Amino acid sequence: MIRHIAFIPARKGSKGFPGKNSKFFKHTADFLFKNKLFNKVIVSTNDPKVQKKALKYNFEIHHRPINVSRSNSSIKSTIQCMVSDMSLNKTDIIWLFYIPVTYKNIKDFENAKKIMKNNKVRSILSFIKSDIHPYNFWRYNRKSKKLSQYIKNDISRRQDLPEALRYYHYICCFRVSELTKLNSELINSRTYPIILDNNTSEELIEIDTPKDYIKWKIHRDSKKTKYKKF
């Protein structure tokens, strides 16, 4: 049987926003507990506060070891550790849920789950249209005092630029058997892209710093004010 497993990474010790995973855990936990889309929920953490909250939802706990709890630990290494420690099956499908991404629309995940029914789809990742095009970026060598393009091109008109998509871990899932073939950000050339519309993209505010938190609060409060008018 193919199992769909929700995975929440929640390490302690964020530098940009201390305690963010504990503070915002409820948003993701409530969504997963309410909607019952997944066979189980695993929380990988080294934070006693997060563990205590997770157990109230009857989520399973992966005791995250120190070697994958550092600020430079990749999400892939964390998941590989969890897969090994929890003895997951190669047929299992893991769904990544980052706590700082508080927005979630049940229809988006239901749609992605339908796509994963196709055995040829090994992984899925959502993308948003980028406001800044990679063709416009240059690097400056301070030693030689010369500029060079990151991506060589001679396109001058905005309308001639090819489409540029930026990955966003809003929807991210993959088969365990595909994990070793994905890069550190859980993408490869075979990943199925879900391109998010502008309305969804505007909702995606990732709270990694106090500045992000202020932006998120302003956006949340503006929505409340908008709905009160109706």
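The values are calculated or read from the model by the stated rules, or taken from the named source; none is laboratory data. Computed from a prediction, not measured in an experiment: that's the story for all the values here. Every residue, glycine among them, receives a Cβ derived from its backbone with ideal geometry; neighbour counts consider all protein chains shown. Just the protein is used for accessible areas: all its heavy atoms, side chains included, with ligands, DNA and RNA removed. Shrake-Rupley method; radii C 1.70, N 1.55, O 1.52, S 1.80 Å.
Which residues, counting only those in the stretch 151-171, are out of contact with any helix residue (DSSP H, G or I) (no Cβ under 9 Å at 6 or more places or on another chain) and not basic (Lys, Arg)?
ASP154, SER156, GLN159, ASP160, GLU163, LEU165, TYR167
Condition first: farther than 24 Å from MET86 by Cα and of a type in the set (A, V, I, L, M, F, W, C). Now tell me which residues in the stretch 1-40 satisfy that.
PHE17, PHE24
Since ILE94 meets every condition but one in (1) crowded, with 19+ Cβ neighbours inside 10 Å; (2) in a loop (DSSP other than H, G, I, E, B); (3) not polar (S, T, N, Q), which condition does it not meet?
Only one criterion is unmet by ILE94, namely (2).
Looking at LYS15, is it at negative phi and at pLDDT below 95?
yes
Does the stretch 34-56 hold any residues that are of a type outside the set (Lys, Arg) and surrounded by fewer than 15 Cβ atoms within 10 Å (Cβ to Cβ), and which are they?
ASN35, ASN39, PRO48, LEU55
Is it the case that some residue within the stretch 216-229 is at negative phi and assigned to a loop (DSSP other than H, G, I, E, B)?
Taking every residue of the stretch 216-229 in turn, at least one turns out to be at negative phi and assigned to a loop (DSSP other than H, G, I, E, B).
Of these, SER201, SER177, which one is farther than 29 Å from PHE25 by Cβ, outside any loop (DSSP other than H, G, I, E, B), touching a residue at least 12 places away in the same chain (Cβ under 8 Å) and not β-branched (Val, Ile, Thr)?
Selected residue: SER177, the only one of SER201, SER177 that is farther than 29 Å from PHE25 by Cβ, outside any loop (DSSP other than H, G, I, E, B), touching a residue at least 12 places away in the same chain (Cβ under 8 Å) and not β-branched (Val, Ile, Thr).
Search the stretch 128-141 for residues that are assigned to a strand (DSSP E or B) and pair each with any residue that is of a type in the set (Asp, Glu) when their beta-carbon atoms are under 9 Å apart and the residues are at least 6 apart or on different chains.
Hits for this filter: LYS129/GLU163.
Inside the stretch 67-88, can you point out the residues that are open to solvent by less than 70 Å² (accessible area, probe 1.4 Å), of a type in the set (S, T, N, Q), out of contact with any helix residue (DSSP H, G or I) (no Cβ under 6 Å at 6 or more places or on another chain) and at pLDDT 95 or above?
Scanning the stretch 67-88 gives a single hit, SER74.
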